[in-house]
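The values are calculated or read from the model by the stated rules, or taken from the named source; none is laboratory data. Every value quoted in this text rests on a predicted model; they were computed, and no experiment measured them. Here the Cβ positions follow ideal geometry from the backbone for every residue, glycine too, while neighbour counts run over all protein chains shown.
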Amino acid sequence: MAAVTHFHRAEEPDRTEEPDQSDERRSTVSSPASVVQIVAHPDDDLYFMNPATFQAIKAGTPTTTVYLTSGDADGRNPRPWQIAPPAEDREAYAKARQNGIRAAYGAMALGDRAAPWTPSTLSTAGGAVAEVYTLTDAPWVKLVFLNICQHGTPDGAPRSLHVLWQEEVERVPTLAVSGGLVNERYWYTRAGLVDTLVQVLDLVGPTLVRTMDPDPDRLVHDERFPQHHDFGDLADHCDHTATALFSWLALDRYQGPDEGRTFVVEAFRGYSNERWPHILGPRAISLKEYFLNVYGAADGYDCGDPAGSGDYAVGWSARTTGWVQSTTPRHPHGAWLGRDARGRLTAFAVVNQQAAVWLETQPGNGQWRGPFFLGGGPLSPGLSASLTPDGRWQVFARRMSHLGPDHSQRREIVVLEQAERDGRFTGWTILGNPSAGNPGRDRHLGTPAVARDALGRAHLFVRNGGQGLHTRVQETDGVWGAWTDLRGHELQEGLAAVTAPNGRVEVFAASREGVFHWSQASYDRPPRRGPRFRLTVPASPPAAAVQPNGRVMTVYRQPETGRLLMAQEDAPGGQWNKPAVPIGGRGGFGAIACAPGPDPETGTLVATLSDPGGIAYRFLPGDHPWQELPTDDLGGPPAHAPAAAFDSLGHAVIAVLGPDGRLAIARQAGRGSVGFGPWQVVG
């Protein structure tokens, strides 16, 4: 009989005294990071979260993955060597997928698909019993199987998680997999499933939680994009979406790690990966495909279980789906970094699902205070901030205002500002949603981007529910105008807004057709999209900055290659006649940070996630090669993309949210130096 499982929270290393945050020895302190991933099916983590999952495991980050359904689908798992179609056997198919995912994690953690696992069970808060497997030689890797029936439940529900979320049924059953640890059928109610997820979060105490996309894009299915695996007009499997929504509902009750530590959340796109230009380069794609082939026993490996050694169909067709070639965060940006009115670097980010702020104690001294929590939650990752003309911070965020059945979902933009310079922040103000009142589009609101024109007016931009662009402007008297539709179509999540040297606002967005660009012809007009401005097709959200030479630039990822492209004005305020040019890179995925230096000699810093899981960076222009900031000292790869800025002394600074839920800063070794000092964890 399997033992009852015991989860262990990651513990903060013992310290006899509070360390000086400027001490370089901070970089060698082991990280208390711990990751929980919540997915619908065995293989969702391999398809949609990798390479992030592998990078964390490779770094030794404690990782627990929770699979809500058994993945029994239609119960048929055709062996490649068999000619006759297999009989339906849901219990065996579910067990085969368990065998395959254990093999994949063994390969990721130990390089051994046959590595042994220690079985145990967990009595869940929902009244059911879950199966738990711990990798024997790497016990910080755990897999939890709730085994909820995926399809064809006894009460007639064809999609268990979806109908449970929609409150169409009161409960859904589990499946007793062949040769499994649990031989009884149990039932999960809506509340019971949420209670169980909260229970796992509380037992593990993660500092980083990864989920699927709670708000997948809407699509019109046509000849170009036929109805494939999507549900209705949503660009994802309904199990993925319901799992994400249950996860975010549980996160609203999660109290976080022990001892006052913080946690951060990442959400990943699902099936929509096949419908956007592919972002990963050949190295990352091959790595993802390799672990999927292990999961699918593509080489004919036999683990000895008559139920099967993996999901055989996956092992032969992983790349053909179009899901392997991309890893796409739903909310592209993490921390925001800039200087306040006194010249102190200030960082904003979402931790514990609320806004937080960190700031230098003095301009350029590298000493930080924080985090100070500003509330506002539950917030999606990705804040934007702007200084008012009188030096007060305004912070903009996307709030998950209501999680419920589809007809009751609600998302909105909120803003928080300081009452006075260096003063307290006042309460949050709701700025709404351009699709408010439309239950078909309300939840598909994007994260905010903000720029301020030379008159001091704040221009707020969001991707709307129809994948176009909306703006709302705050006048100098503090009054917000109405939402204005700036058009655009098929925009990816992730906008870049800048203030050009002429004091007018410009916006960049990525579509399937190319990079779109909006700019103001005069201060009294909203930005207008240039009909003839169309850079080559991007595979990521664009970054934008005004270079020290006064020219606006944009940087984005090139499809299929893992490399970056850069385009810029011919002259300050001029045309964009030249195409984007390759600037290299080190692979990776997600958004890009651009920070203009204090002078043309310094240039502009470009930083992004890399294939090895670190931060790749380069200064433009110039012929310096790409450099790598490893993240091993942080306990693994960071959550979200990096942020970058220059401090008041002209030193480049990169900020990330580490997997331990804390802000980490890397500072240029010296002005003009190519190298950076060690990571400094500041809170």
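Data overview
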| item | result |
| --- | --- |
| Scan of the range 32-64 for residues that are assigned to a strand (DSSP E or B) and either more than 19 Å from L193 (Cβ to Cβ) or in contact with an Asp or Glu (Cβ under 9 Å, 6 or more places away or on another chain) (or both), ordered by number | V35, Q37, V39, T63 |
| Verdict on F291 being touching a residue at least 24 places away in the same chain (Cβ under 8 Å), closer than 30 Å to Q558 by Cβ, outside any helix (DSSP H, G or I) and out of contact with any Ser or Thr (no Cβ under 8 Å at 6 or more places or on another chain) | no |
| Candidates L605, L565 - the one that is of a type in the set (A, V, I, L, M, F, W, C) and touching a Gly at 6+ places or on another chain (Cβ under 8 Å) | L605 |
| Count - residues of the range 515-536 that are under 23 Å from F225 (Cβ atoms) and modelled with pLDDT of 95 or more | 2 |
| Any hit, the range 665-682, residues being under 30 Å from P501 (Cα atoms), free of Cβ contacts under 8 Å to residues at least 12 places away in the same chain and charged (D, E, K, R) | no |
| Residue match in the range 526-543 (condition: out of contact with any helix residue (DSSP H, G or I) (no Cβ under 8 Å at 6 or more places or on another chain) and free of Cβ contacts under 8 Å to residues at least 12 places away in the same chain) | yes |
| The listed residue being closer than 29 Å to S610 by Cβ, without any contact (Cβ under 8 Å) to a residue 24 or more places away in the chain and among the small types (G, A, S), out of S401, S317, S326 | S317 |
| S435 being closer than 20 Å to W165 by Cβ and either assigned to a strand (DSSP E or B) or outside the structural domain of D217 (by TED's automatic domain parsing) (or both) | no |
| Check on P538, surrounded by 19 or more Cβ atoms within 10 Å (Cβ to Cβ), outside any strand (DSSP E or B) and touching a strand residue (DSSP E or B) at 6+ places or on another chain (Cβ under 8 Å) | yes |
| Residue check, G585 of a type outside the set (A, V, I, L, M), at pLDDT below 95 and buried (at least 17 other Cβ atoms within 10 Å of the Cβ) | no |
| Residue within the range 131-144 that is outside any strand (DSSP E or B), under 22 Å from Y301 (Cα atoms) and either of a type in the set (G, A, S) or in the same structural domain as S317 (by TED's automatic domain parsing) (or both) present | yes |
| Whichever residue in the range 119-139 is closer than 21 Å to V294 by Cα and either of a type in the set (K, R) or in contact (Cβ under 8 Å) with a residue 24 or more places away in the chain (or both) and, among such residues, is surrounded by the most Cβ atoms within 10 Å (Cβ to Cβ) | V132 |
| Answer residue from the range 399-431, given it is in a strand (DSSP E or B) and among the hydroxyl-bearing types (S, T, Y) and is surrounded by the most Cβ atoms within 10 Å (Cβ to Cβ) among those | S401 |
| Pairs with Cβ under 9 Å, 6+ apart, first in the range 641-663 and farther than 18 Å from Q362 by Cα, second polar (S, T, N, Q) and assigned to a strand (DSSP E or B) | A641/T608; P642/T608 |
| Unique match (being among the hydrophobic types (A, V, I, L, M, F, W, C), touching a Pro at 6+ places or on another chain (Cβ under 9 Å) and over 23 Å from T243 (Cα atoms)) among W140, W117 | W140 |
| Residue match in the range 615-630 (condition: hydroxyl-bearing (S, T, Y), part of a loop (DSSP other than H, G, I, E, B) and in contact with a strand residue (DSSP E or B) (Cβ under 7 Å, 6 or more places away or on another chain)) | no |
| All positions within the range 354-398 that are under 17 Å from the mean Cα position of the chain (by Cα) and crowded, with 22+ Cβ neighbours inside 10 Å | A355, L379, S380, P381, G382, L383, S384, A397, R398 |
| Looking only at the range 614-635, and only at residues there that are small (G, A, S) and touching a Gly at 6+ places or on another chain (Cβ under 7 Å), the one that is modelled with the lowest pLDDT | G622 |
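Yes or no, residue by residue, for (1) surrounded by fewer than 16 Cβ atoms within 10 Å (Cβ to Cβ); (2) closer than 30 Å to G205 by Cβ; (3) modelled with pLDDT under 95; (4) out of contact with any Asp or Glu (no Cβ under 6 Å at 6 or more places or on another chain):
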| position | (1), (2), (3), (4) |
| --- | --- |
| H229 | yes, no, yes, yes |
| T241 | no, yes, no, yes |
| Y254 | no, yes, no, yes |
| Y271 | no, no, yes, no |
| N293 | no, no, no, yes |
| S309 | no, no, no, no |
| W336 | no, yes, no, yes |
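Here's the yes/no breakdown for (1) over 25 Å from the mean Cα position of the chain (by Cα); (2) closer than 16 Å to F646 by Cβ:
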residue: P582; (1), (2): yes, no
residue: G588; (1), (2): no, no
residue: A593; (1), (2): no, yes
residue: P598; (1), (2): yes, yes
residue: L605; (1), (2): no, yes
residue: R618; (1), (2): no, yes
